[in-house]
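Written out below as structure tokens is the structure these notes cover.
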Amino acid sequence: MVLYWVHILKQSNTSGSLALSILFIVGATGTIIGGHLVDHIGAVKTIRLAFTIMLFLLLAFSLTKGVIVASVLLLPIGMLIFTPLQRDCPAGPALLA
């Protein structure tokens, strides 16, 4: 992410690091929302929905050359990257029990 921000979008290292931090902060929110979605619509539907939407967002993100558009796209991408991971969180303690 930082390398894309620096080399493709021609931004500073600090700006790239800030974008990566925003990605992970929004990703934490995506994990919480993913837990609610898994409870309501199921794990398989949540994963399919998140990855289907993310496919188009990543395509748009890779084709953009503007920092503002990339920053706006970074928010839903960060949320959707971590949304399917919520399904795996309860699996760890269940395996240890």
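Taking the range 39-48 as the range and being in contact (Cβ under 8 Å) with a residue 40 or more places away in the chain and either over 14 Å from Leu80 (Cβ atoms) or open to solvent by 60 Å² or more (accessible area, probe 1.4 Å) (or both) as the test, only Ala43 passes. A Cβ distance below 6 Å, combined with a sequence gap of six or more or placement on separate chains, defines the contacts here; from the range 1-21, residues that are over 18 Å from Leu75 (Cα atoms) reach residues that are part of a helix (DSSP H, G or I) and among the small types (Gly, Ala, Ser) in the pairs Val6/Gly16. Yes or no: the range 22-42 includes at least one residue that is out of contact with any Phe, Trp or Tyr (no Cβ under 9 Å at 6 or more places or on another chain), in a loop (DSSP other than H, G, I, E, B) and modelled with pLDDT under 95. Within the range 22-42, one or more residues are out of contact with any Phe, Trp or Tyr (no Cβ under 9 Å at 6 or more places or on another chain), in a loop (DSSP other than H, G, I, E, B) and modelled with pLDDT under 95.
The values are calculated or read from the model by the stated rules, or taken from the named source; none is laboratory data. Remember, it's a predicted structure, so these values are computed and weren't measured experimentally. Using ideal geometry, Cβ is built from the backbone for each residue, glycine included, and neighbour counts are taken over all protein chains shown. Side chains included, ligands, DNA and RNA excluded: accessible areas come from the protein's heavy atoms. Shrake-Rupley method; radii C 1.70, N 1.55, O 1.52, S 1.80 Å.
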